[in-house]
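Structure, as structure tokens:
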Amino acid sequence: MFVGREAELQTLENLYKKNSFQMVVMYGRRRVGKTTLIAKFAEGKPSVIFSAQEANDKMNLRLFSRTIYKFFHISSDFPPFETWDAAFNFIADKAKTERFVLAIDEFPYAAEGNKSLKSILQNVIDHRLKETKIFIVLCGSQISFMENEVLGYKSPLFGRRTAQMNIQGFNYLDASKMLEGFSMEDQIKLYACIGGTPHYLAQVDTGKSFEDNLSDLYFNISGYLYDEPTMLLKQELREPAMYNAIISAIAGGASRLNDISTKIGEERSKTIKYLETLINLKILHKEYPFGDNPAKSRKGIYKISDNCYRFWYRYIFPERAAIEQGAGKAVLNAALPNISAYIGKPFEEICFQYMVHKNNDGGLPFVFTRSGRWWGNNSKTKSQEEIDLVFSSSDGKKIIFAECKWRKDIKDVSLLNGLMEKSNLFSGCEDKYYYIFSKADFSEQCQTLADKAENVRLVSLCGLFQ
């Protein structure tokens, strides 16, 4: 089942309609749906789709040759190309008279097997392919390789791409299309615990409950997601044990550099290098208070970017011994009472995605260009304050302040009044708007206040899906 990716498909189609040489560099984490996207785009188009293997150069060239021969109806008995240069020149000859798509999936595998491959491809592009109408897609899951070795200015291929696409996981709206049959609440809960990776969402059994799906996927040694994060780390990194410790520390509440380095027992300088690697892999990100300059701020904190990793390192990693001894059900039952509190942070991200969606559709009071979470000191009360989400116009004169609460019961009037009071900490703002997101229904009193005020918006669970 193919869902979502409308924007990505449209981008590819628009490039294809140009009827000229194109080279798209596509990358993103494993399981995010890059191969499926390429296959969908290629439907109805003459296409050569080759998936490089984690094998030596000779094997990949032989497999590439077979793929080329099959597309051009050449007998498989014909000997494979002796070199990549010969293979690409054969393609260039064909591209003179034929328009087709050439997609090389997992390009890093082929390029690591032959260090000259990027230079060979660059030479053929410059001297032969640029004058043709071939549509090339170079795709890879090794993000750092694709960004540095393909897109980077030191790469032989630098400047040859006509577009680049960083494929992300689904947002909650696209994920919900794969979770039809669940209630809106359970769709949010599943997204918060599994994330937006399409391949992971495809493992969800719509005939089972939220709890049973967690049990099957995470709390069972044969479950698909039981060992998934560590397997991916082992494929990408040389020291998975250290990275496990860092992600586990962050999942356990350590978010600042000092706290993380202390918890894992490493020096700050060494910890920073590991953190930067995890950021490059899009597993972590660094967050600063809204309005702070990242280059100068000392308030940056580290967060886990992916809900699957966030859940796994919070609930599975510390309990692996018990789960492997067959106590998975007991571990899950002990975790369930706390999962609502855990969902609070992913729920903030979901609310952020809602605001981005509305911003793009022109459904907000103004178009915001800056956004983030805010925390800082209230000089009047001498206390620390937080605002879940803040969105600002480019000149900072219009700001939306938002609170997001994943609870059964909230004191919504007090929450709204408190948000209004905290907004006074922002100077220079002329127009203020207030959004309250809630899992629970809003009280009649709060709804009345919102109806009377033009700058207040209440968004319920149902509202998130409208």
Please go through the range 253-312 and write out the GluC sites (Glu not before Pro) that DSSP classes as loop and that have at most 14 other C-beta atoms within 10 Å.
Glu267
Quick one: putting +1 on the C-beta of Lys and Arg, -1 on the C-beta of Asp and Glu, what dipole do you get for the chain around its Cα centre, in Debye to the nearest 20?
1080
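Quick check: residue separation of Asn455 and Lys397 times 0.36 nm, minus the Cα distance between them. What number comes out in nm?
Stretched fully, the Asn455-Lys397 segment lengthens by 19.4 nm.
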Per residue, in Å², the accessible surface of the chain once ligands and nucleic acids are set aside, probe 1.4 Å:
48
Just to be sure I understand the model, the point goes 7 Å from the Cα along the line to the Cβ. What's the resulting Asp186 to Gln122 distance in nm?
5.4
Of all DSSP beta bridges with both partners in the range 399-466, the antiparallel percent, nearest 5, is 0
Computed over the range 357-466, the relative contact order (Cα-Cα under 8 Å, seq sep at least six) in percent reads 20
As an exercise, use a Förster radius of 25 Å and the Cβ-Cβ distance of Asp77 and Thr97 to find the FRET efficiency, rounded to the nearest 0.05.
0.50
Counting only protein heavy atoms with a 1.4 Å probe and every protein chain in place, the carbon and sulfur fraction of the accessible surface of the chain in whole percent equals 46
Starting with the highest mean, order 56-69, 132-145 by the number of other Cβ atoms within 10 Å, averaged over the residues of each peptide.
132-145, 56-69
The chain - Cys residues lacking any other Cys C-beta under 4.7 Å
Cys139, Cys193, Cys308, Cys429, Cys446, Cys462
Long pairs among Lys234/Lys286; Lys34/Lys398; Lys303/Lys452; Lys177/Lys273; Lys303/Lys422, criterion Cα-Cα beyond 32 Å:
Lys34/Lys398; Lys303/Lys452; Lys177/Lys273
Label point at Glu54 placed 7 Å out along Cα→Cβ; residues across the range 7-29 whose backbone nitrogen lies under 18 Å:
28-29
Rg/Rh over Cα atoms for the chain, Kirkwood Rh, comes to 1.01
Would you give the gap between the C-alpha center of the range 105-182 and the C-alpha center of the range 372-417, rounded to a whole Å?
40
Run lengths n ≥ 4 of DSSP H only: what is the helix-derived mean residue ellipticity at 222 nm for the chain, with -39500 (n - 2.57) per run over all residues, to the nearest 500?
-13000 deg cm²/dmol
Given 0.36 nm per residue, what is the gain on full extension from Asp361 to Glu131 after removing their alpha carbon distance, in nm?
78.9 nm
So which trypsin sites (Lys or Arg not before Pro) in the range 226-308 end up in coil per DSSP with only 14 or fewer other C-beta atoms within 10 Å?
Arg238, Arg256, Lys296, Arg298, Lys299
For Val413 and Ala86, FRET efficiency with R0 = 45 Å and r from the beta-carbon atoms, rounded to 0.05?
0.05
Relative contact order for the chain: what is it in percent, counting Cα pairs under 8 Å that are at least 6 residues apart?
12
Mind checking the full-extension length gain between Ala241 and Arg256? Use 0.36 nm per residue of separation minus the Cα-Cα distance, one decimal, nm.
3.4 nm
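The values are calculated or read from the model by the stated rules, or taken from the named source; none is laboratory data. As the structure is a computational prediction, the values presented were derived from the model and not from experiment. Reconstructed Cβ throughout: ideal geometry from the backbone, glycine too, with neighbour counts over all protein chains shown. The accessibility values were calculated without ligands, DNA or RNA, using every heavy atom of the protein model including side chains. Shrake-Rupley method; radii C 1.70, N 1.55, O 1.52, S 1.80 Å.
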